[in-house]
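Participant: Here it is, the structure in full.
Any read-out appearing in this document is the output of simple, stated calculations on the displayed coordinates, not a laboratory observation. Please read all numbers here as calculations on a predicted model, not as lab measurements. In this analysis, Cβ positions are derived from the backbone assuming ideal geometry, glycine residues included, and neighbour counts consider all displayed protein chains.
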Amino acid sequence: MIEARNLTKRYGKKVAVDDVSFSIKPGRVTGFLGPNGAGKSTTMRLIMGMDKPTSGSVTVGGESFVKSKAPLTRVGSLLDAKGVHPSRTAYSHLHSIAVTHGIPSSRIDEVLAMTGLTEVAKKRIGGFSLGMGQRLGIAAALLGDPEILLFDEPVNGLDPEGVVWVRQLSKELAANGKTVLVSSHLMSEMALTADDVIVIGKGKILASGAINDIIGQNTKTETVFVVSPQLDELIRSLGSTIAVDRKESNVAFISNLDAATIGRRALESGIELHQLTTKRVSLEDAFLQLTEQAVEFKTGSKGETL
């Protein structure tokens, strides 16, 4: 369990984390989402005791992480995959961590196998790709078999197989009763991985809860994609309460009416339909809705920064 209460962090006049409170439960994967500069990495550093709160508190397992007598068995983290000595081998890097924390060397071989790094265990880290560095960071996080895992952008640089592996690993860890917090910008991946989500913007919590609840509460009404050579007649038959986003003479997105009703009205009016598809609302839709006013840098329609 991770609990934050009125957690605040200021750097001079900049408020990076602003009176944040949340609980992250064991046995579930929690996605930590937010635009660049929202405060995700700062919050994770506060959890790990790497930064000191300006005010408020955050605990792991009921106590401050810095007071833990066996920190690597309490929390494992991947916050900066590049924070390793490039001249060390993967094995020597993990061995140095294991020795200082009383972890048996047999565990090194286990986490190397878990992360797919056994064959490169004796190679220098400086020659690793970004994805291999991410795997090594995850291996270090798993070394103490901790109760709580914090992964900051863990799929960055991974190939599709690696992305699936991180997803499965996160779910397996949670299924074994561990607390798993994962930050990511990949909404589609978080939708497949997370049970709960916390959305942060400009240092404030914008939403938190079960992922399906967040999607349902923060997406607009159902939209139906329609293709018909008689689109004008169809629109007239649906009445004045619908909203129509017309793309072409025979193509439109229709809101405020479900696909079944549109199809039935078309049949009753003898209107030909070529396609009728409900546009599924997504975590990305909810995220964009929630963070619309919390994005630090916005782009115009042609890609220029505003």
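Participant: Amide H of Thr54: which non-local residues (sequence gap of 5 or more, or other chain) have their own amide H closer than 5 Å, using H built in the peptide plane?
Facilitator: Residues meeting the criterion, in which the H sits 1.01 Å from N, are Thr8, Lys9, Arg10.
Participant: Another question about this same structure. For the range 61-66, in order, what is each residue's ³J(HN,Hα) by Karplus, 6.51 cos²θ - 1.76 cosθ + 1.60 with θ = phi - 60°, in whole Hz (x at glycine and Pro)?
Facilitator: My calculation for the range 61-66 gives x, x, 9, 5, 4, 5 Hz in order.
Participant: What is the fewest-to-most order of Leu72, Leu186 by other Cβ atoms lying within 10 Å of their Cβ?
Facilitator: If I rank by nearby Cβ atoms, fewest first, I get Leu186, Leu72.
Participant: Given contacts defined as C-alpha pairs under 8 Å and at least six residues apart, what's the relative contact order of the chain, whole-number percent?
Facilitator: About 20 percent, as a whole number.
Participant: Only Cα pairs within less than 10 Å get springs; with that Gaussian network setup on the chain, which residue of Leu288, Leu158, Leu273 has the largest fluctuation?
Facilitator: Leu273
Participant: To continue, here is another question. Which of these values of Cα extents along the principal axes in Å was calculated from the structure shown: (i) 77, 46, 40; (ii) 49, 44, 35; (iii) 56, 47, 39?
Facilitator: Checked against the structure: label (i).
Participant: Starting with the fewest neighbours, write out Leu257, Leu33, Leu149 ranked by other beta-carbon atoms found within 10 Å of each beta-carbon.
Facilitator: The most exposed by this proxy come first: Leu257, Leu149, Leu33.
Participant: Out of Val251, Val84, Val180, any idea which swings most in a Gaussian network model of the chain, alpha carbons joined below 10 Å?
Facilitator: Comparing Val251, Val84, Val180 in a Gaussian network model of the chain, the most mobile one is Val251.
Participant: With +1 on each Lys and Arg Cβ and -1 on each Asp and Glu Cβ, and nothing else charged, work out how big the dipole of the chain is about its Cα centre, in Debye to the nearest 20.
Facilitator: Computed about the Cα centre, the dipole is about 1180 debye.
Participant: Take every DSSP beta bridge whose two residues both sit in the range 117-232, then give the antiparallel share in percent to the nearest 5.
Facilitator: Bridges in the range 117-232 are about 55 percent antiparallel.
Participant: Ok, one more. Do the sum for the chain: with -39,500 (n - 2.57) for every DSSP H run of n ≥ 4, divided by all residues, what is the mean residue ellipticity at 222 nm, to the nearest 500 deg cm²/dmol?
Facilitator: -9500 deg cm²/dmol
Participant: For Gly144, which sequence-distant residues (separation of 5 or more, or a different chain) have an amide H within less than 5 Å of its own amide H, given hydrogens modelled in the peptide plane?
Facilitator: none
Participant: Sorted from fewest to most neighbouring beta carbons within 10 Å, what does the list Ser92, Ser23 look like?
Facilitator: Fewest-to-most Cβ neighbours within 10 Å comes out as Ser23, Ser92.
Participant: Counting only DSSP beta bridges with both residues in the chain, tell me the antiparallel percent, nearest 5.
Facilitator: In the chain, DSSP labels about 70 percent of beta bridges as antiparallel.
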